[in-house]
Amino acid sequence: MTKSTSLIRQSLLLCAILQVGVLCGQALGQSPTLGELTFPNSGAPEAQAAFIDGVLYLHSFEYEPARAAFQRAQEIDPSFALAYWGEAMTHHHSLWDRQRPDLGEAALQKFGASPQERAQKTPTERERGFMTSVETVFGLTEASAGKSKLERDVLYRDRMRRMYEDYPDDHEVAAFYGLSILGVASANREYAPYMRAAAVLLPIWDDNKLHPGAAHYLIHSLDDPVHAILALPMADAYIKIAPDAAHAQHMTSHIYTALGHWDDVVAANLRGFNVESAKTTYTEVMSKEERHYTYWLAYGRLQQGRWDDAEELLAKMRDRLDNGATGAERAYYGAIIARYMFDTEDWNVFEKWAAPSSVDIPTAHYDFARAFAAARLGKVEAARAFAASIEPGGEGNPEIFLSEDEVRILRLEVDAIVALAEGQNESAVSLMNEAVAMSRELPFRYGPPRLSKPTNELLGDVLAEVGDNEQAAQAYRDELDQSVRRTNSLLGLARAAAGLGELESSKDAYQQLRDIWHDADEALSWVDEARASASASLQPSERP
């Protein structure tokens, strides 16, 4: 570990203690604050606290501490059926598309060697329903044996629906049923199943504003620009419901990102990173969640105009490349440098921060950014060479994986910028229109724009560069419908509208930028442009 990494780590840990307080609380032996719920069961009274902690952690996708809590409950009461159900459920990460049937089965076999034996040892019909459900998801029932993961997920959802029909007032049945709907729908996001999940979950929220699953799963159900405003109360509440769950703190930023609340995005991911890094002993490998939160934090910093802070995060990730970084860490570095380059429009960023030639960066974002930068610098042959390296897939969380269709769009974007560099304006516009048409066929993805240079935004940039401000303004508006208050699109719209003489539209966009960049870096020239243009449109008495 280098000295710079150590210093960053120490500052983050100190920040965690001061801002979150989780280390102090746990050091004093206090129970973690994770929310409140009621889960009737037949376990021993002495095992209830550990079991409830496990369920609370489970609802916030804190799978490792949940597993430890369920195992504590088993130690206290070896006959506690639902403690084994809970441990098995920690190996079913429905929204992360991860499932370990072998480990899930191993957890259940500690209670009984077969579904029949487990059923005989499970005291109540309702508890047997939970056990059968988790056996279904791992392919341990007659109906689910030999099925694909998606088929098992569908069978699990249908089994939970039957439980929900049998126990309509049971909050835990409803919560896990709602999550099962999302688990099936997340493969190809469509509004209808997400709204069905929300309909199941809202009554829990209405009855118990401290239920972590209700808040968490409603955020997932509504984390798109159309519906996110409905989940703002849940996001604001979830911060306080589960301050000791790192994922809960980060999760609120799904809604804040969808609404363009950049200060809240940054605060949420700082909290998430701080809790995550404070709860475990540091190793040279960043945890999956730390990488995840750093990625979102970098995007939020860029939107705030806090480019120096974003560069510090980039430097931290770059430093790790020299310290045995995992494939996932290297991929996140590639995604972060791409975000930094496109949002700052610093086409020379690779001169300072490029990975060593011996280090593989397993994400399409990295090669795409290198190709794009080369094209912008007029290095057409280098751009084509880098573009040939853009491949689908990658490592890290699914948020930075790119499909073959998405990679085709990236290649079209590079081709368009190469055409622009060669003076082929009509070809550049045509290629970008083709890319936009392809992007409309992709399923919606939550969070930072799926492509590090959003396609409508780049179309706007190309149109503005060739002098078509009218179509450019429309392209920026189309991007802002999906990427609310994204600063590069707002800036493009402000400039294009000004070029058309649409001063009110320009003023509104500049004013939004001025508000977003209230604490931006002093040296950021775009901030000066926004402030001057917004103020110039105001009457003298309205100026600050």
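The values are calculated or read from the model by the stated rules, or taken from the named source; none is laboratory data. As the structure is a prediction and not an experimental result, all values here were calculated from the model. We place every Cβ from the backbone using ideal geometry, glycine too, and count neighbours over all the protein chains shown.
Some observations on this one:
- Screening E165 with (1) charged (D, E, K, R); (2) farther than 26 Å from E36 by Cα; (3) free of Cβ contacts under 8 Å to residues at least 12 places away in the same chain gives one miss only, at (2).
- Within the set V484, V462, the sole residue that is hydrophobic (A, V, I, L, M, F, W, C) and under 22 Å from V414 (Cα atoms) turns out to be V462.
- Answer from A258, A214 - the residue that is at pLDDT 95 or above and within 17 Å of the chain's Cα centre (by Cα): A258
- Positions within the stretch 353-397 being part of a helix (DSSP H, G or I), charged (D, E, K, R) and either within 13 Å of G334 (Cα to Cα) or touching a residue at least 60 places away in the same chain (Cβ under 8 Å) (or both), in sequence order: D367, R370
- Pairs, first assigned to a loop (DSSP other than H, G, I, E, B) in the stretch 444-459, second surrounded by fewer than 21 Cβ atoms within 10 Å (Cβ to Cβ) and among the aromatic types (F, W, Y), C-beta under 6 Å, six or more apart: none
- When residues in the stretch 517-544 are screened for being outside any loop (DSSP other than H, G, I, E, B) and modelled with pLDDT of 90 or more, 9 of them pass.
- Among the candidates I409, I417, residue that is over 30 Å from E190 (Cβ atoms) and buried (at least 20 other Cβ atoms within 10 Å of the Cβ): I417
- Scanning the stretch 55-95 for residues that are acidic (D, E), more than 27 Å from A197 (Cβ to Cβ) and in a helix (DSSP H, G or I) yields one hit, E75.
- Residue check: L442 meets all listed conditions (1) modelled with pLDDT under 95; (2) aliphatic (A, V, I, L, M); (3) crowded, with 17+ Cβ neighbours inside 10 Å but one, namely (3).
- Test for S452: is it within 25 Å of S221 (Cβ to Cβ) and of a type in the set (S, T, Y): no
- Enumeration of residues in the stretch 484-516 that are part of a helix (DSSP H, G or I) and among the aliphatic types (A, V, I, L, M): L490, L491, L493, A494, A496, A497, A498, L500, L503, A509, L513, I516
- So I229, is it in a helix (DSSP H, G or I) and out of contact with any His (no Cβ under 7 Å at 6 or more places or on another chain): yes
- The stretch 113-143, subset assigned to a loop (DSSP other than H, G, I, E, B) and free of Cβ contacts under 8 Å to residues at least 12 places away in the same chain, residue surrounded by the most Cβ atoms within 10 Å (Cβ to Cβ): S114
- Comparison of A174, A199 shows that the only residue that is of a type in the set (G, A, S) and crowded, with 18+ Cβ neighbours inside 10 Å is A174.
- From the options E87, E105, residue that is of a type outside the set (K, R), at pLDDT 95 or above, surrounded by 15 or more Cβ atoms within 10 Å (Cβ to Cβ) and in contact with a helix residue (DSSP H, G or I) (Cβ under 6 Å, 6 or more places away or on another chain): E87
- Test result for D77, at pLDDT 95 or above, more than 24 Å from L210 (Cα to Cα) and either charged (D, E, K, R) or within 21 Å of the chain's Cα centre (by Cα) (or both): yes
- Check on P243, within 19 Å of the chain's Cα centre (by Cα), on the phi < 0 side of the Ramachandran plot, outside any helix (DSSP H, G or I) and not acidic (D, E): yes
- In the stretch 302-352, the residues that are surrounded by fewer than 19 Cβ atoms within 10 Å (Cβ to Cβ), touching a Phe, Trp or Tyr at 6+ places or on another chain (Cβ under 8 Å), modelled with pLDDT of 95 or more and in a helix (DSSP H, G or I): T344
- The listed residue being within 27 Å of the chain's Cα centre (by Cα), more than 27 Å from A298 (Cβ to Cβ), free of Cβ contacts under 8 Å to residues at least 24 places away in the same chain and not in a loop (DSSP other than H, G, I, E, B), out of A419, A437: A437
- Unmet requirement for R157, which otherwise passes all of (1) in a helix (DSSP H, G or I); (2) touching a Lys or Arg at 6+ places or on another chain (Cβ under 6 Å); (3) over 23 Å from A44 (Cα atoms): (2)
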